[in-house]
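> Here's a structure for you.
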Amino acid sequence: MFGFFKKQSDSILGIDIGTTAMKLAEVKRGKKLPELLNYGILESEDAFLRGHVGFQTSSLKFLEEQAVDFLKLLLLRVKPKTTVALASLPVFSAFTTVLTFPEMSSAEIEKSLSYQARQYIPIPISEAALDWMKVGEYEDEKGFKNIQILLISVPKETIKKYQDIFTGAGLALKALEVETLSLVRALTQGDATPSYILDIGSRVSSILIAQNGQILFSGETDFGGSSLTQGLAASLNISPVRAEELKKERGIINTGPNQELSTIMLPFLSAIINEVRKVEFAYRGRFPTAPKIERLILSGGGSNLLGIQKFFSDEMGIPVVKAAPFLRFEHSSLIEPLIPELNPKFSVALGLPLREFQQ
């Protein structure tokens, strides 16, 4: 996590800025668990249809000025009690890799990384902000103990852009964190089950192997929820808005009138599964004695597709479950009916403040 100040507040905001939506969760310390005070989601389609500032459709990226306007609108609707915020960085804006070192002290790791980072980071080291964390340890075949370090690099220009966005919206940005770290914390903290996490976003799907709140390996694919929507729109010669509606209404229930839709969308989902298998193959090649991965956790808005759990379970041959970050929070009983749909969408936004209340 890239921290900027240590200001304390009774509550704190977790804000996930995605490529087509913003999610906000306001959390404070509860009696037993952190308490969710408020939440909100602003999807770009919704804002566009109501005449607010749109987004850059050609690349599905929020422009800085548009992001400020979207964030102000979300804050106006939610009316949080604090201006202190944590924010997520999208996976495609950061470079991450897992490095292996012989057992050594934190000071020695820091010194070693300062030299080795240049070999792994695709931009000049002077233009990057670096962070790292220990994510695992193991003994090799010779009995020597090794540690696994997750190296994270983000362009300083990107960090400055996020700081400007939050300042422009009237918020105090306390820290930035790559979204995969928030995701893993929200979905596997305290759970020793070796798991895939497949976060199906609009533009990118992140593929993680995680355990006990730590990333063991990671990958990504450019196939996401918008890939299915665009595929439907092109095949059926309809607008992307109508294609999105059909996708949400019918899913991939491969029977009756839905069969044509399933036939169009399944190749995209199969492509995502192939990427999951590639990540596992690379993971096994690097850590051949690692335990078997026992389940797949689906997250992200794309995982609300009807029929997707059964499809992935049949293809992968392991149990598939939906993300359930709300289980880690006290919250009003009034939102219980909404939680099944909200759970996958808010994994990152809820994972951000969870870090503050576990310290």
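Please treat every number below as a calculation from the coordinates, not as lab data. Computed from a prediction, not measured in an experiment: that's the story for all the values here. Don't worry about glycine lacking a Cβ; one is built from the backbone with ideal geometry, like all the others, and counts go over all protein chains shown.
> Could you pull out the GluC sites (Glu not before Pro) across the range 266-358 that fall in loop regions by DSSP (anything but H, G, I, E, B) with no more than 14 other Cβ atoms inside 10 Å?
Passing sites in the range 266-358 are E294.
> Of the beta bridges DSSP finds with both residues in the chain, what % are antiparallel, to the nearest 5?
Close to 75 percent.
> Relative contact order of the range 95-154: what whole-number percent is it, with Cα pairs under 8 angstrom and at least 6 residues apart?
Relative contact order comes out at 50 percent.
> Take every Cα pair under 8 Å in the range 226-359 that's 6+ residues apart, average their separations, divide by the length, and report that relative contact order as a whole percent.
20 percent
> OK, next. Which net charge results for the neighbourhood of V27, defined as the other residues with beta-carbon distances under 15 angstrom from its beta-carbon, given Lys and Arg at +1 and Asp and Glu at -1?
Net local charge, V27 excluded: +3.
> Show which aspartates and glutamates lie in cross-link reach of K6 when reach means a straight Cα distance below 19 angstrom and same-chain residues fewer than eight apart are skipped.
Reachable aspartates and glutamates: E26, D131, D164, E177, E356.
> Let me check I've understood the local charge: for T96, count other residues with C-beta under 13 angstrom from its C-beta, Lys and Arg +1, Asp and Glu -1. What total comes out? Numbers along the way, then the final one.
Numbers: positive: none; negative: D131, E177, E179, E220.
After counting each charged neighbour, the total is -4.
> Relative contact order for the chain using alpha-carbon pairs under 8 Å, separation at least 6, rounded to a whole percent? Provide the component values of the computation, followed by the final result.
On the way: 657 pairs, mean separation 68.2, N = 359.
Computed over the chain, the figure is 19 percent.
> For the chain, what does the helix formula give at 222 nm: sum of -39500 (n - 2.57) over DSSP H segments with n ≥ 4, over the residue count, nearest 500 deg cm²/dmol?
-12000 deg cm²/dmol
> Counting only other residues whose beta carbon sits under 15 Å from that of A128, what net charge do I get with K and R as +1, D and E as -1?
Residues near A128 contribute +1 overall.
> Further, regarding this structure: Among the lysines, which fall within straight-line cross-link reach of K247, defined as a Cα-Cα distance under 17 Å, with same-chain neighbours fewer than 8 residues apart omitted?
Once the sequence-local lysines are set aside, what remains near K247 is K310, K345.
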